[in-house]
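Below: the structure, in structure tokens.
The values are calculated or read from the model by the stated rules, or taken from the named source; none is laboratory data. On a predicted model such as this, the values are computed, not experimentally measured, just so you know. Methodologically, a virtual Cβ is constructed for each residue, glycine included, from the backbone with ideal geometry; neighbour enumeration extends over all protein chains shown. Each accessible area value is taken on the protein alone, full model and side chains, heavy atoms only, with ligands, DNA and RNA left out. Shrake-Rupley method; radii C 1.70, N 1.55, O 1.52, S 1.80 Å.
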Amino acid sequence: MTPGLSLQGVQIDRAGTPLVRIDTHVAPGEVLTIMGPSGSGKSTLLAALIGTLDPAFTLRGRILLDGRDVTALPTRDRRIGILFQDTLLFPHLSVAGNLAFALPRGLPGRAARIEAALAEAGLAGFGRRDPETLSGGERARVALLRTLLAEPKAILLDEPFSRLDADRRAQIRSFVFQTIRARSLPAVLVTHDAEDATAAEGNVISPDGRSF
Amino acid sequence: MTRLLRAVPGLTLALMAVPVAAGLAATLGPALAPGALSALLAWPGLPRAVMLSLTTGLASTTLALAITLLILATLRGTRAFAALLRLLSPLLSVPHAAAALGLAFLIAPSGWIARALSPWATGWSQAPDLLILNDPAGLSLTLGLVAKEVPFLLLMALAAWPQIAAPSRLTLAQTLGYGQTAAFAFTVLPPLYRQLRLPVYAVLAYAMTSVEMGMILGPNLPPPLSVQVAGWMTEASLAQRGTAAAGAALQLVLVLAALALWRGAEIAARHGLTGMATAGLRLPGLDAPARLLALAGGAAVTAGLIAGLAGLALWSVAGLWRFPAALPESLSLATWARAAPTLGPITGNTLGLALGSAGLALILAIACLEAEHRFRLRPSAPALWLLWLPLIVPQITFLPGLHRLALELGAGGFAATLAGHLVFVLPYVFLSLAPAWRALDPRFATLAASLGASPGRSLWAIRLPLLLRPLLTAFAVGFAVSVGQYLATLLLSGGRIATLTTEAVSLSSGGNRRLIGVYALLQMALPALVFALALLGPALLYRNRRGMAA
């Protein structure tokens, strides 16, 4: 098997109009950046990768994760994590509750694992907090922790830095990219911000497959 | 399990459409018997009863819609509007019967208004012998219907408000020099009315055929057609069955004719509005009088309902209260104490039906919406019409037949009554819950699935808790609707299950104001209590979750 995320001849059409054309491989620890204006098919590609593509679209080609074909799998069986533009921390749960939701079922020592993860991210003692009382940067870190605790094999980034203020932005961005490299996760970043693309250090392509 | 869930929306629609259709057939069937129609035509009160149904229905619906639209056009964004909304929203949960009884206490010759003016202005030292209440022209019935329907239409309009980008349309029209009223009528009313059409049809059909409002506020000799038909239907002898069926058929024809007339008026109004808009009429002079009318209408509805309900409460604890004293000479709990032994079981029946039907309706509504979510179903226009069907088809034209069918199937009593309540409760619960459910950010579900959660876990651990407030509100709406059911309870239980509503209505002809006050007050207190719990529960549970604040 080939470790990493492979998009083999992925084509997405809407009513016969081609939207996405991508054939590429993202190695573990590498970040592939998809750049393009809104409406160019970036979110459509993310929906296809995560398994929530609207039936109005047709998808051809195969999506392989560590050699496993996930193209037809439901979202929850793909083991692909996602970070959205908004952190979307579940507002009815505490910080620890959000993390516990992500932790796979049946793992022993859940509370200790959560506390350790928080401490590692510089958020020791934040477990009982209301997510709404956190700063933007803290929320972004909790969202990343939540994604990682589910033990994904790949990670998608849907403009996750665009809502952060300028000084936090660079800091959070390097934290996310470092974590992805440290965990050797293949990642796909969707953005329209050239700085994000540069910081990701990987290939940059448009949804129709052209390189920048 | 998955296949069952997939079938729920269709089954739920059938659950509402089938009883209505079968009930209609069984109710109207006997009208074809020989002699039925001639017996109806031989009733001397028929022409007046038909006229009353048409005039009270059309007049009250027109007035209620006009007041609602004037309030929205001229008062939105003002403090008066906020105050009005705070007062009117809770009044929506007041059952029709309680509202009607309250108004009756207010406007009766011995009511609060007469007392306030006596003897200094009127010279009355005794209650005058005037037919203000139950007036032959149906004016008090019309006013009662207006008061009850304005809160409903206003809240339905506000629910549609976010979908039509009203603020930017209004601002745009006003920058082009249009007056507030004209801006509303030309740019907001057309899309708003499209969303309001079904609620308006339901209001019109209800106003033409309401039995309990007609009994309490309407004329007696003859009463509006629906009241007379209900009388024939509930007569012990079967002699009037054909007459009753023919009357119900006539009532259905009347409602359909009135709906057709209304539809014609809609088309005419749209052409008129388009003509005025393209002629560039700015009409700024309309704003001041329109605002005045809106304030007067809104204030009259609110004050009438609140004063009426306060009157009910006061009568229930009144000791001696002579005319024209504005307040009773003493207060006592004697009426409550005397009523207590019968109140218990009757309240139990009311609670059982309301908790049962609202609970079932909530489960079905959740299942429908979850099926819509999981299978990416799109709500269709015919489905929406089916949902409104039980609210538009007059109750008197399908409930009697439904009762007979239930008896033939061997399902009588509580179960049949509960099922009947469900037919009316479910549409309201669904309509209350669906907007919030569909507005929940779909990325929460995607996120939960990407973290490995099953659809069930995503529902139970994430989406239902996030929707706790609208879920409980929808339950409270259903509860209030069930508590208010008069005809469904009376007919489907064969008169054997007494609820607060059936008791309050049957007491209304008697004139024991203290006892009426007790029943009506409790009838309105139960829904109010459930609404309060629906607000308080999430507020307490999520007191440390700022993201869950309303």
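Quick notes on this one:
- Only residues that are surrounded by 13 or more Cβ atoms within 10 Å (Cβ to Cβ) and among the polar types (S, T, N, Q) were counted in segment B:518-550, giving 1.
- Residue match in segment B:99-111 (condition: assigned by TED's automatic domain parsing to the domain that holds B:L286, β-branched (V, I, T) and at pLDDT below 95): yes
- Hits in segment B:367-381 (condition: closer than 21 Å to B:L418 by Cβ and surrounded by fewer than 21 Cβ atoms within 10 Å (Cβ to Cβ)): B:A367
- Residues satisfying the stated conditions in segment A:173-194, i.e. part of a helix (DSSP H, G or I) and open to solvent by less than 10 Å² (accessible area, probe 1.4 Å): A:V176, A:F177, A:I180
- B:I497 vs. criteria more than 9 Å from every other protein chain (Cβ to nearest Cβ) and either of a type in the set (V, I, T) or over 18 Å from A:S94 (Cα atoms) (or both): yes
- Some residue of segment B:126-133 being assigned by TED's automatic domain parsing to the domain that holds B:A207, loosely packed, with under 14 Cβ neighbours inside 10 Å and at positive phi: no
- Filtered residue count, segment A:106-165, keeping only those that are among the aliphatic types (A, V, I, L, M) and in a helix (DSSP H, G or I): 14
- In this entry, A:A48 passes the filter for residues that are within 14 Å of chain B (Cβ to nearest Cβ) and at pLDDT 95 or above.
- Selection status of A:G16, over 17 Å from A:V188 (Cα atoms) and small (G, A, S): yes
- Some residue of segment A:119-126 being closer than 22 Å to B:W460 by Cα, more than 14 Å from chain B (Cβ to nearest Cβ), open to solvent by 40 Å² or more (accessible area, probe 1.4 Å) and out of contact with any Ser or Thr (no Cβ under 8 Å at 6 or more places or on another chain): no
- Taking the criterion of being surrounded by fewer than 17 Cβ atoms within 10 Å (Cβ to Cβ) and in contact with a helix residue (DSSP H, G or I) (Cβ under 9 Å, 6 or more places away or on another chain), the residues of segment B:314-323 that qualify are B:G319, B:F323.
- Helices (runs of 4 or more DSSP H) within segment B:17-106 that include 2 or more residues open to solvent by 20 Å² or more (accessible area, probe 1.4 Å) and farther than 20 Å from B:L225 by Cα: B:46-75, B:79-91
- Selection of segment A:78-116 for residues being facing another protein chain (nearest Cβ under 8 Å) and over 30 Å from B:G537 (Cα atoms) yields A:R78, A:R79, A:I80, A:G81, A:I82, A:F84, A:P104.
- Counted residues, segment B:512-550 - those being away from every other protein chain (no Cβ under 14 Å) and either among the hydrophobic types (A, V, I, L, M, F, W, C) or in a helix (DSSP H, G or I) (or both): 24
- Of all residues in segment B:315-337, those satisfying the criterion of being over 31 Å from the mean Cα position of the chain (by Cα) and not in a loop (DSSP other than H, G, I, E, B) are B:L331, B:A334, B:A337.
- So B:P44, is it under 29 Å from B:S140 (Cβ atoms) and at pLDDT below 95: yes
Residue-by-condition table, conditions (1) within 30 Å of B:G495 (Cβ to Cβ); (2) in contact with a strand residue (DSSP E or B) (Cβ under 7 Å, 6 or more places away or on another chain); (3) outside any loop (DSSP other than H, G, I, E, B):
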{"residue": "B:P162", "(1), (2), (3)": "no, no, yes"}
{"residue": "B:S168", "(1), (2), (3)": "no, no, yes"}
{"residue": "B:Q174", "(1), (2), (3)": "no, no, yes"}
{"residue": "B:F186", "(1), (2), (3)": "no, no, yes"}
{"residue": "B:P199", "(1), (2), (3)": "no, no, yes"}
{"residue": "B:A207", "(1), (2), (3)": "yes, no, yes"}
{"residue": "B:S226", "(1), (2), (3)": "yes, no, yes"}
{"residue": "B:G231", "(1), (2), (3)": "yes, no, yes"}
{"residue": "B:S237", "(1), (2), (3)": "yes, no, no"}
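- Qualifying residue in segment B:264-281 (condition: on the phi > 0 side of the Ramachandran plot and either of a type outside the set (V, I, T) or loosely packed, with under 13 Cβ neighbours inside 10 Å (or both)): yes
- Note on segment B:443-482: residues that are at the interface with chain A (Cβ under 7 Å from one of its Cβ atoms) and either among the acidic types (D, E) or not in a helix (DSSP H, G or I) (or both) amount to 4.
- In a residue-by-residue description of segment B:242-254, the property of being exposed (fewer than 13 other Cβ atoms within 10 Å of the Cβ), of a type outside the set (K, R) and at pLDDT 95 or above applies to at least one position.
- Of the criteria (1) among the hydrophobic types (A, V, I, L, M, F, W, C); (2) at pLDDT 90 or above; (3) open to solvent by 50 Å² or more (accessible area, probe 1.4 Å), which one B:A159 fails: (2)
- Check on B:L221, of a type in the set (A, V, I, L, M, F, W, C), not assigned by TED's automatic domain parsing to the domain that holds B:P400 and not in a helix (DSSP H, G or I): yes
- Only residues that are modelled with pLDDT of 95 or more and under 10 Å from A:L83 (Cβ atoms) were counted in segment A:149-175, giving 3.
- Any hit, segment B:359-377, residues being over 30 Å from A:T75 (Cα atoms) and among the hydrophobic types (A, V, I, L, M, F, W, C): yes
- Boolean, B:A326 is more than 30 Å from B:F81 (Cβ to Cβ) and either open to solvent by less than 30 Å² (accessible area, probe 1.4 Å) or not assigned by TED's automatic domain parsing to the domain that holds B:G123 (or both): no
- Residue in segment B:497-511 that is surrounded by 24 or more Cβ atoms within 10 Å (Cβ to Cβ), of a type in the set (D, E, K, R) and assigned to a helix (DSSP H, G or I) present: yes
- Subset of segment B:346-366 [surrounded by fewer than 19 Cβ atoms within 10 Å (Cβ to Cβ) and either closer than 14 Å to B:L431 by Cα or without any contact (Cβ under 8 Å) to a residue 12 or more places away in the chain (or both)]: B:G348, B:I363
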